[in-house]
Amino acid sequence: LSLHPLRNYLDLAYVGNISIGTPPQQFKVVFDTGSADLWVPSTYCDSVPCYTHNVFNPHVSTTFRLSGMPVDLTYGSGRMVGFLGYDTVRIGKLIDMGQPFGLSKSQYGMEHAPFDGILGLGYPSLATQGTTPIFDTLKRRSLIPQPVFAFYLSSQKENGSMLMLGGVDHSYHKGKLQWIPVSQPHYWQITMNRITVNGVVFGCFRGCQAIVDTGTSFLVGPSRVVTALRRLIGARLVDNEYAVSCSYVARLPTIVFSINGNNYPLPPQAYIRKNLRGQCFSNFGGGTENMSHSETWILGDVFLRLYFSVYDRGNNRVGLAPAV
Amino acid sequence: CLVIIPLTKMKTMRETLREKNLLTNFLLNNNDDRSQNVAHDPK
C-alpha cells in the first residue's frame, strides 16, 4: 500500500488532454507539479465521480499490462483508491510506452471536479514507490530535447494557458528568467527570503521554504500567519469562506515575496477572486505548519498566473519571470 | 522540438458547488482549510 498526498482539487482550474492506451482513450488531467503520479478513473470504479467522468477501459487497450499493485492517493478532501497498470500515454505528440499509471476503483468527493485525473510532474521521490513519473520516462528515453518544462497560466482567457515540455517559449514572459536552486528535490521546493506587506516583514522572518505547485490554486502558508494576513485585509468568514468587500480590493496592500534576492509582488487583484455572483474572497489557505518543522509556503496558481514558471530537472532549479 | 500542451481554465469545483448550494456542506465535511492536504504527507 502506498499512501501519497495530493493537492487540493476544489480550486483547480487548469486542465489539459492526454490519451492512454491503444486505441487511445482521452482524459482531461491536471498537470500538477505538487505530485508525481498519473492516475485516471477506470471501468472498475463504482463511485459516483466515475459515472460523470471519462473512465479507462483496460480491456479494449491492446497495449495495457496489469501490475495490480494497489495505490491509495489521499487528498485534503477526498481519496482515490485503485491499482497500477502500464500502457502507452500520449501527451501532445509525445508517445510514452509502458508508462505506469493508477486506475481508480473508488473515488470520493470528485463528482464535480472539472478533470478526470491528475498527471504529476514532481520528483520521483514523490511518486508511488516502484513507479517512474512520466517526465522521468520522457527524459530517460530522450523523447524531449531538454529536461525542462514550463507553465504559462493565463488569468484572462479560458484558453491560452499552456504547458511546455522539453523547452521554453520565451515569448510568454517579460524580462529575464530568474533561476532559483531547488532546496530539496522532492517537491519543487525553493528557499524564500521573506514576505513583506507595506514594507514590513509579515512572514518568513528568518527565511523559509516555498513549494511551487501548479496543483494548488491558493497561496498556502502557516495558519497563524494566514489568519493574521486575513485579518490585515479585513477578510471575514462567510459560509466557511473568507470574504472581503469588493469595493475595498483596490485599497488592499500588495504582498511581496522575496525569493533568491528578487521581489515578486502580488497585488490584491491577484490574491482576491471575484465569483460569478460578484462576491470577493481571499485566496489564502492555512495548514502548512503540519507539513514540516520549518515554515513552508505553497505558491499555487494565484502566484503562477503572475509569474511564468520553468522547472529545470537538469540543473534542479526553478525559473520565474513576470508573465506576459 | 518543444511540445506545447494547451491548458483550459475551467470553472472550479468551488464555483460549481457554490452554484448548487453544496459548498458549505462540502467545506464542513472536509476539514482542509479550503486549501490542500499537506498535513498527511507521510514523507
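Where a number appears in this text, it was derived from the coordinates with a stated rule and is not lab data. Every value quoted in this text rests on a predicted model; they were computed, and no experiment measured them. All Cβ positions, even for glycine, are placed from backbone atoms using ideal geometry, and neighbour counts span all protein chains on display.
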Legend entry - Candidates A:Tyr44, A:Tyr14, A:Tyr307: whichever shows maximal mean-square fluctuation once chain A is modelled as a Gaussian network with Cα springs under 10 Å: A:Tyr44
Legend entry - Hypothetical label at A:Lys176: residues of the range A:282-324 whose amide nitrogen lies under 14 Å (7 Å Cα-Cβ projection): A:320-322
Legend entry - Nearby lysines by direct alpha-carbon distance to B:Lys20 (threshold 30 angstrom, same-chain neighbours under 8 apart not counted): A:Lys28, A:Lys105, A:Lys157, A:Lys274, B:Lys9, B:Lys11
Inset, instruction - Give the residues of the range A:79-118 whose amide nitrogen is closer than 18 Å to a point set 7 Å from the Cα of B:Leu22 in the direction of its Cβ. - result: A:79-80, A:106-117
Inset, instruction - Would you mind pulling out the separation of the Cα centroids of the range A:75-135 and the range A:243-291, in Å? - result: 30
Legend entry - Estimated distance in nm for a label pair at A:Asp72 and A:Tyr248, the labels positioned 7 Å out from Cα along Cα-to-Cβ: 4.4
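Would you mind working out the magnitude of the charge dipole of the range A:190-322 relative to its Cα centre, with +1 at each Lys and Arg C-beta and -1 at each Asp and Glu C-beta, to the nearest 20 Debye?
On the way: 13 positive and 7 negative charges, 64 e Å.
The calculated dipole for the range A:190-322 is roughly 300 debye.
Relative contact order (percent) for the range A:18-59, with alpha-carbon contacts under 8 angstrom and 6 or more residues of separation? Write out the running numbers ahead of the final one.
Working: 33 pairs, mean separation 14.9, N = 42.
For the range A:18-59, the relative contact order is 36 percent.
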Inset, instruction - Extending each Cα 7 Å along its Cβ direction at A:Thr227 and A:Asn275, get the distance between those two points in nm, one decimal. - result: 2.4
Legend entry - Mean residue ellipticity (222 nm) of chain A, computed from DSSP H runs ≥ 4 via -39,500 (n - 2.57), nearest 500: -2000 deg cm²/dmol
Inset, instruction - Could you work out which residue, out of A:Arg251, A:Arg277, A:Arg230, moves most in a Gaussian network model of chain A, that is, has the largest mean-square fluctuation with Cα springs under 10 Å? - result: A:Arg277
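If I take R0 = 22 Å and measure r between the Cβ atoms of A:Ser294 and A:Leu237 in this structure, what FRET efficiency does the formula 1/(1 + (r/R0)^6) give, to the nearest 0.05? Don't skip to the end; give the middle numbers.
Working: r = 28 Å, r/R0 = 1.29.
With a Förster radius of 22 Å, E is 0.20.
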Inset, instruction - Give the calculated FRET efficiency between A:Asp169 and A:Arg206 to the nearest 0.05, with a Förster radius of 30 Å applied to their Cβ-Cβ distance. - result: 0.20
Legend entry - Ranked A:Phe56, A:Phe202, criterion: other C-beta atoms within 10 Å, fewest first: A:Phe202, A:Phe56
Inset, instruction - Before anything else, pin down the relative contact order of the range A:186-324: Cα pairs under 8 Å, at least 6 apart, normalised by residue count, whole percent. - result: 31
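Given Cα pairs under 8 Å that are at least 6 residues apart, what percent is the relative contact order of chain A? Present the calculation step by step, with values, prior to reporting the outcome.
Working: 801 pairs, mean separation 59.5, N = 324.
Relative contact order of chain A: 18 percent.
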Inset, instruction - Might you list the cysteines of the protein assembly as shown that have no disulfide-compatible partner by the rule of another cysteine's Cβ under 4.7 Å? - result: B:Cys1
Legend entry - Least to most buried among A:Leu276, A:Leu177, A:Leu266 (fewest other Cβ within 10 Å first): A:Leu276, A:Leu177, A:Leu266
Inset, instruction - Check cross-link reach from A:Lys139 to the lysines: straight Cα distance under 16 Å, and skip same-chain residues fewer than eight apart. - result: A:Lys93
Inset, instruction - Please work out the FRET efficiency for the pair A:Gln146 and A:Thr43, using the Cβ-Cβ distance as r and a Förster radius of 35 Å; give the result to the nearest 0.05. - result: 0.40
Legend entry - Charge dipole magnitude, Cβ of K and R +1, D and E -1 - the protein assembly as shown, Cα centre, debye nearest 20: 820
Legend entry - Likely footprinting exposure, A:Val89, A:Val60, A:Val200, A:Val81, fewest C-beta neighbours within 10 Å first: A:Val200, A:Val60, A:Val81, A:Val89
